[in-house]
Each structure stands twice: as C-alpha cells, then as structure tokens.
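Here's the structure, in structure tokens; my notes come after.
What follows draws every value from the coordinates through simple rules; no lab data is involved. Values in this document were obtained by computation on a predicted structure and should not be read as measured data. As a convention, Cβ positions derive from the backbone with ideal geometry for all residues, glycine included, and neighbour counts pool all protein chains shown.
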Amino acid sequence: MTSVPTQQQSTPEASPDAADEEPPAEEAPPQSVPLDVVFGILKNERRRLVLKFMAETDSGTSLSDLAEHIASIENDKPANELGSQERKRVYVGLYQCHLPRMADSGAIDFDKNRGTVEPGQNIDQFYEYLEQSEPNPRPWSTYYLTFSAVSIAAIAASLLFVSQLTTALFGLSIVGFAALALVHTVQSED
C-alpha cells in the first residue's frame with residue numbers, strides 16, 4: 001500500500017507569522033487640550049520659547065541645542081559666549097520640569113533617553129494662542145492716562161485763571177478722548 005502524502009495547505013490562521021503581525025498602528029488624532037492646560041503651558045516664558053523654537057524647526061531638535069538656544073535668549077548673549085552654568089541651568093529646568101509638562105499635554109514629544117524634542121500631536125492648539133500672546137506694541141493705557149492728566153490740568157488751570165475757557169477745554173477734552181479711542185480701535189483691528 002502506498003500512502004499518498006497529504007499536502008498541508010497554508011492558511012493565514014495556521015501561519016505562525018500571521019499571528020505575530022498586527023495591523024499598522026494608526027496615529028491617534030489630536031485631542032482637544034483644555035484651555036486651562038494650554039494657558040498653563042503658555043504662561044511660562046521658557047515654555048513659550050520652546051514652542052517658538054519648535055515652530056522654526058519643523059522636524060525637532062536635541063535637548064542640548066534647545067537649551068543652548070533658550071539660554072542664549074535668556075542671557076542676551078550669543079551661544080558661543082555662554083558659560084557652562086548658564087547652559088546647565090536651562091538644560092536642567094527643561095529636562096526636569098518644562099518638557100515633561102509640555103509632553104503630557106501633547107504640545108511636544110520628549111524622549112528623555114535619547115534627549116530629543118519633536119512637535120507633538122496637539123502643538124497647533126498651542127501655536128494658535130502663542131501668536132495671540134505677543135504683547136501689544138502700543139501702550140494704550142499710557143496714552144489714555146497721559147491725555148487724562150493733560151485734560152485735567154488744562155481744565156483746572158482754566159477754572160483758576162480764565163473760567164470762560166473751561167467749557168471749551170472740556171469739549172476739546174471729550175473730542176480728544178473720542179479721537180484717541182477711534183485711533184485705538186483702528187489700530188486694534190489691524
């Protein structure tokens with residue numbers, strides 16, 4: 001009697017490699033970061049500098065380069081003039097405090113072992129408010145305060161010396177405030 005060898009058919013379930021293969025992991029979509037977390041990150045100047053640096057370097061950077069860049073800004077010196085303590089102070093602060101907190105929010109991806117920093121999945125939410133957080137270039141409160149002081153002084157002087165001008169000066173003061181408010185409004189819209 002001759003036996004006919006049976007041929008085993010390979011099925012995906014029987015293949016040892018098929019069990020080990022998993023479908024490629026899809027990148028999780030960015031999650032919405034609560035505003036208090038966003039503003040908590042942005043309220044610190046060093047973390048804002050990290051985000052600005054990340055915006056300039058699309059692919060990421062090393063922790064050393066990032067610390068040197070920020071130390072240069074904070075000490076108002078070129079990087080080649082920084083002392084080791086100036087670099088170390090920023091490096092340690094970033095490593096221990098700022099970067100882990102930013103990584104927890106998804107603003108950046110921080111690999112402590114490799115010392116790399118890359119943009120995180122939620123970084124765009126931080127950029128949105130980072131652009132708005134720049135200080136206003138015009139000190140409007142100073143303009144209003146100065147105009148108020150001048151108006152009060154002029155009206156007080158007219159009351160003491162030439163009372164017939166008081167009404168005119170008061171009217172000019174109101175027109176001046178209206179003009180100042182108009183300029184402020186137009187500047188704010190730009």
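Numbers below:
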| read-out | value |
| --- | --- |
| Neighbour-count order for Thr146, Thr166, fewest beta carbons within 10 angstrom listed first | Thr146, Thr166 |
| Neighbour-count ranking [beta-carbon atoms within 10 angstrom, fewest first] of Val38, Val175, Val50, Val183 | Val175, Val183, Val38, Val50 |
| Cα shape, region 35-132, gyration tensor, a/c 1.5 rule | prolate |
| Cα shape, region 76-140, gyration tensor, a/c 1.5 rule | oblate |
| Relative contact order of region 69-136, pairs being alpha-carbon contacts under 8 Å that are 6 or more residues apart, as % | 17 |
| Trypsin sites (Lys or Arg not before Pro) lying in DSSP loop within region 35-72, provided at most 14 other Cβ fall within 10 Å | Lys43 |
| Pairwise Lys count, region 35-132 - Cα closer than 20 Å, eight or more residues apart or different chains | 4 |
| Rounded if a/c under 1.5, otherwise prolate or oblate - region 140-189, Cα gyration tensor axes | oblate |
| Gained length - Ala154 relative to Arg89, 0.36 nm times residue gap less alpha-carbon distance | 18.1 nm |
| Placed amide H near Asp109: partners under 5 Å, 5+ positions off or other chain | Glu118, Gly120 |
| Cleavage-rule hits (trypsin sites (Lys or Arg not before Pro)) in region 69-133: DSSP loop, at most 14 neighbouring Cβ within 10 angstrom | Lys112, Arg114 |
| Neighbour-count order for Ile155, Ile174, Ile41, fewest beta carbons within 10 angstrom listed first | Ile174, Ile155, Ile41 |
